[in-house]
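The values are calculated or read from the model by the stated rules, or taken from the named source; none is laboratory data. Note that this is a predicted model, so its numbers are computed, not measured. In this analysis, Cβ positions are derived from the backbone assuming ideal geometry, glycine residues included, and neighbour counts consider all displayed protein chains.
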């Protein structure tokens, strides 16, 4: 047996029992997979850099040598809300940071099976959301205790990439997803008027669901210095959160939306590569995410087939990054990204629980090779504070007024590459 096999088997087993910790960057999707990709603000569709390449584009593994990449991200969000003009007495500023720090592991593996065929394996957090309000924003409406949501998603993505010829590669992957969810402190919605399944809205502990989808990718050299990439990730068909069948539309349905994108990587010089991605995430196609909260006031209570939800829109994300090989040891990275706002101003009330308001990121990173043949990588990302101020956001049954949201984030990632 290859000497790396026991290590790899142990890491995969450990990864399967580790949840992806909660994060919210581009909506509730992470901004990048892999420490190196995070160092360029998530660019990766045409710029494979490590064993997590299959998570960005399954064709990308064909451009990499045999390797094992391990990484972890320390993630700290700062989130909260303000309610004003409310007749029920909820007016105040609310801090959602009773839980502050999260650790997010990741693993990537690439093996070249032949001159034409390569295998990849990526284990990573796809996204998530967490808020923890010690003082309940919904307390004035009859809710009790602390309030918040915790959504965690772990993806396991095995992939194959096939070189059609010297310039063109296609890739395919299957993604197995595991997600867990908890809601607390929204008893105000847990009644027959607002929910189709009272008793299954709030404070039901942690529930779990599993499902799968597929991913396609392409990578092609347009010129010796310009590479084009394209990728499509299907909607992931997930099992229902039965403990929260009175909260999410379709009796606890919470599928993971489809996404797709294109990218370019330009080798500006022997040392410098400039790359960019455009990504689209179809949040509105998942009813529990995309349906407006107002549905529950028009005969579609929470948990029903077309029940009220968070009202999120589809978004596009633009990413731009630079990789510069300083010398034979050190590589530098930097990047910026901009995402459209997924939360309409009319939907801020329910999104006090899920304030995924971030639009702009800036990232930097560095890698350095070791004498043993491995490589360390570090990246830092700052997501700038973004407010969404409500407009007609709180329904009159809850006293009217406005809910204003904000979120900012800091992420520090560290990884190590084993050459195999």
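Values for this structure:
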item	result
Some residue of segment 279-289 being farther than 28 Å from residue 43 by Cα and not in a loop (DSSP other than H, G, I, E, B)	yes
Residue within segment 104-112 that is under 20 Å from the mean Cα position of the chain (by Cα), surrounded by fewer than 24 Cβ atoms within 10 Å (Cβ to Cβ), at pLDDT below 95 and within 26 Å of residue 258 (Cα to Cα) present	yes
From 273, 331, 298, residue being surrounded by 17 or more Cβ atoms within 10 Å (Cβ to Cβ) and free of Cβ contacts under 8 Å to residues at least 40 places away in the same chain	331
Residue check for residue 36: modelled with pLDDT of 95 or more and surrounded by fewer than 24 Cβ atoms within 10 Å (Cβ to Cβ)	no
From the options 252, 171, 220, residue that is in contact with a helix residue (DSSP H, G or I) (Cβ under 8 Å, 6 or more places away or on another chain) and closer than 30 Å to residue 325 by Cβ	171
Strands (runs of 3 or more DSSP E) contained in segment 358-420 and holding at least 1 residues within 21 Å of residue 137 (Cα to Cα)	375-389, 402-419
Flag if residue 99 is within 26 Å of the chain's Cα centre (by Cα) and assigned to a loop (DSSP other than H, G, I, E, B)	yes
Segment 312-326, subset surrounded by fewer than 21 Cβ atoms within 10 Å (Cβ to Cβ) and touching a strand residue (DSSP E or B) at 6+ places or on another chain (Cβ under 8 Å), residue farthest from residue 129 (Cα to Cα)	326
Condition broken by residue 145, with the remaining ones in (1) closer than 30 Å to residue 95 by Cβ; (2) in contact with a helix residue (DSSP H, G or I) (Cβ under 9 Å, 6 or more places away or on another chain); (3) buried (at least 18 other Cβ atoms within 10 Å of the Cβ) satisfied	(3)
Among the candidates 227, 231, residue that is in a strand (DSSP E or B) and under 21 Å from the mean Cα position of the chain (by Cα)	231
Exclusive hit being more than 30 Å from residue 144 (Cα to Cα) and either at pLDDT 95 or above or in a strand (DSSP E or B) (or both), set 127, 44	44
Meets criteria (farther than 18 Å from residue 251 by Cα, surrounded by fewer than 17 Cβ atoms within 10 Å (Cβ to Cβ) and either in contact with a helix residue (DSSP H, G or I) (Cβ under 7 Å, 6 or more places away or on another chain) or at pLDDT 95 or above (or both)) for residue 210	no
Matching residues, segment 156-201, being assigned to a loop (DSSP other than H, G, I, E, B) and either buried (at least 18 other Cβ atoms within 10 Å of the Cβ) or within 24 Å of the chain's Cα centre (by Cα) (or both)	185, 186, 190, 194, 196, 197, 200, 201
Check on residue 99, touching a strand residue (DSSP E or B) at 6+ places or on another chain (Cβ under 6 Å) and touching a residue at least 60 places away in the same chain (Cβ under 8 Å)	no
Residue count for segment 399-415, restricted to those that are surrounded by 18 or more Cβ atoms within 10 Å (Cβ to Cβ) and on the phi > 0 side of the Ramachandran plot	1
Out of 287, 267, 204, 215, sole residue that is buried (at least 20 other Cβ atoms within 10 Å of the Cβ) and over 30 Å from residue 144 (Cβ atoms)	215
Residue check, residue 316 part of a strand (DSSP E or B) and more than 27 Å from residue 69 (Cβ to Cβ)	yes
Residue 74, sole failed condition from (1) in a strand (DSSP E or B); (2) under 18 Å from the mean Cα position of the chain (by Cα); (3) buried (at least 24 other Cβ atoms within 10 Å of the Cβ)	(3)
Unique residue being within 20 Å of residue 319 (Cα to Cα) and surrounded by fewer than 17 Cβ atoms within 10 Å (Cβ to Cβ) when the list is 338, 387, 361	338
Single match in 299, 309, 246 (criterion: within 20 Å of residue 180 (Cβ to Cβ), out of contact with any strand residue (DSSP E or B) (no Cβ under 7 Å at 6 or more places or on another chain) and not in a strand (DSSP E or B))	309
